[in-house]
1. Check A:Gly335 against each of (1) of a type in the set (Gly, Ala, Ser); (2) buried (at least 16 other Cβ atoms within 10 Å of the Cβ); (3) in contact with a helix residue (DSSP H, G or I) (Cβ under 7 Å, 6 or more places away or on another chain) and name the one condition it does not meet.
2. A:His203 fails exactly one of the following numbered conditions: (1) more than 25 Å from A:Leu25 (Cα to Cα); (2) away from every other protein chain (no Cβ under 14 Å). What is the number of that condition?
3. Would you list the helices (runs of 4 or more DSSP H) that sit entirely within segment B:41-99 and hold 3 or more residues that are more than 10 Å from chain A (Cβ to nearest Cβ), modelled with pLDDT of 85 or more and surrounded by fewer than 19 Cβ atoms within 10 Å (Cβ to Cβ)?
4. Does any residue in segment A:328-346 that is more than 9 Å from every other protein chain (Cβ to nearest Cβ) come within less than 8 Å, Cβ to Cβ, of a residue that is of a type in the set (Val, Ile, Thr) and in a loop (DSSP other than H, G, I, E, B) six or more places away or on a different chain, and which pairs are these?
5. Taking the condition part of a loop (DSSP other than H, G, I, E, B) and either on the phi < 0 side of the Ramachandran plot or in contact with an Asp or Glu (Cβ under 6 Å, 6 or more places away or on another chain) (or both), does A:Pro76 pass?
6. Which of the helices (runs of 4 or more DSSP H) contained wholly in segment A:285-340 include at least 2 residues that are touching a Leu at 6+ places or on another chain (Cβ under 8 Å)?
7. Being without any contact (Cβ under 8 Å) to a residue 12 or more places away in the chain and farther than 25 Å from A:Tyr322 by Cα is the filter here; which residues of segment B:36-69 pass it?
Amino acid sequence: MSKFLFVVPPFFGHISPTLSIGASLIARGHEVKWLGVIPVDAKHIPEGGAYIYPEADLAEYREELQQILKRQDDGPACSGPEVMKLALEETYVPIARIMMKGLGRFVDTWQPDVIVNDCITFAGALLAHIRGIPSVTTTPVPPDVMGDTANSAPKIFEWQENLVKSLQREFKVYGDDIVIHSRKLNLVFTSPEFAGIENPEPHMKFVGPVKGRPNHAAFDWARLERATTPKVFVSLGTLLVDIRAAFFQKLIDAFADAPVTIVAATNPDIFEKWPDNFIVNGFVPQAELMPMMDMVICHGGFNTVNDTFMNGLPMLITPIAYDHFHTAKLIENAGCGIKIRYKRLRIEDLKNAVFELLENPQYRNAALRIKETFIAAGGNDKAVQLLEEFAAAEQELVTFN
Amino acid sequence: MDTLDSTTKLNSSEIFDLMKQFITEVIGEEFVEEMEITMESSFTKDLEMDSIEIVSFSEKIKTHFGEQIDFTGWLSNMDLDELINLNLGTIVNYIEECQ
């Protein structure tokens, strides 16, 4: 049995799939812990696992971290190139720097066999490289979201490389190799068909969506059962707090008393009163709800995208910022949904798109084809198999040496 | 579709009007009405064009001017700050010089 340490960023969308795989690893008898820079409620952590928040080692970075987290609210107002700066220069690199001390201390105490770093949480693979611990990377979004900058935008590629290399040099990793991601195993939670990647590098393993993380959210199932009109699930994910009210106001304008039932995952407090055909909850058991839906509206958060196509549902995607535009393009390419950019969202178009998706079977059929590629990718079982094989092979290497 | 009469060169104000027309076609009249488009308008920030809109804008330039202007190639050689600060005036100048 092995000890796996997941190193995660302060963004739930990235933590979520690691909780699902972690639960499967624990069920197989492995020891699993998570480490991150914000506290995470114990209810999210699979039973038998533990989440480490190295508070004392983070104390000196408290203010910087608060600023980084607050800065994320600016994302929706940023242009594409500004988002690249915000993400890499103002978020990923500083978070890596902030994590190193607490991560290093914990790793030296617990001695994990494998460090699994999320793709934007560079500290995991960087520390693994420094300590000589085998590392794996998890990628919850389709890779290539920034495009092929090496060929299409050489100056941007150079900027990315320089930022990462200067981070590495700060921790005395010299040379030209980039060590913030594993070059041996990278688990990608989508299918190559959906991601539009034809010949992935051998270490990029597309395992499809994973499931099984704890979710104890309550839901008024009886009310949903009483609904007779088509059910539309709406989610804005966990970020983007600032634009929530504006987004849902558009939905109300479009669908108040229309022949649809809107099931929305958002804090109901943003409005005093919701239309009768809106079922609104701050937290929802999304995995259980999804099979009962007829379609989904979301901005392109990747866990909701995965849940949607795992259930063969069509999607209206309203990209706002970050990787949403890339995901929207993939959905249009696959034919399983319609894209309307949030900033160009008109009420009339919103209505037309929803009824088109509900009434025209071509979208649902395309969604079902994506579902097949997701299932074929193997999910939790495949991810666990790859991680176990990796841990065993690395262990053998150590013994042999 | 517009075709190029290779003997006529456009002056900067004609290019500006043409760019404005392309932008309107790409992002929709309704959204253009809400903004004031000037030579100083920044491409990504003021006009809020996303990458897909920029691609279709580039296509329009290519269709109109043909091979003489490698707009995409010009863009891809920019660094992040150049992209962030790119305004309509810079594009108009570039096209004027390339003609």
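The values are calculated or read from the model by the stated rules, or taken from the named source; none is laboratory data. What you see is a predicted model, and the numbers here were worked out from it, not measured in a lab. Neighbour counts are summed over all protein chains in view; Cβ atoms, including those assigned to glycine, are modelled from backbone coordinates with ideal geometry.
1. Just one mismatch for A:Gly335, condition (2).
2. Of the numbered conditions (1) more than 25 Å from A:Leu25 (Cα to Cα); (2) away from every other protein chain (no Cβ under 14 Å), the odd one out for A:His203 is (1).
3. Details: elements: B:51-65, B:71-76, B:80-85, B:88-98.
Hits in segment B:41-99: B:51-65, B:88-98.
4. Matching pairs, first to second residue: A:Ile340/A:Thr318; A:Tyr342/A:Thr318; A:Tyr342/A:Ile320; A:Leu345/A:Thr318.
5. Values: part of a loop (DSSP other than H, G, I, E, B): no; either on the phi < 0 side of the Ramachandran plot or in contact with an Asp or Glu (Cβ under 6 Å, 6 or more places away or on another chain) (or both): yes.
Judged against the criteria, A:Pro76 is not a match.
6. Filter on segment A:285-340 gives an empty set.
7. Within segment B:36-69, B:Glu36, B:Lys62, B:Glu67 meet the criteria.
Each row is one residue, and each column tells you yes or no for (1) surrounded by fewer than 16 Cβ atoms within 10 Å (Cβ to Cβ); (2) touching a residue at least 60 places away in the same chain (Cβ under 8 Å); (3) touching a strand residue (DSSP E or B) at 6+ places or on another chain (Cβ under 8 Å); (4) hydrophobic (A, V, I, L, M, F, W, C).
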| residue | (1), (2), (3), (4) |
| --- | --- |
| A:Glu60 | yes, no, no, no |
| A:Leu86 | no, no, no, yes |
| A:Thr91 | no, no, no, no |
| A:Ser135 | no, no, yes, no |
| A:Ala153 | no, no, no, yes |
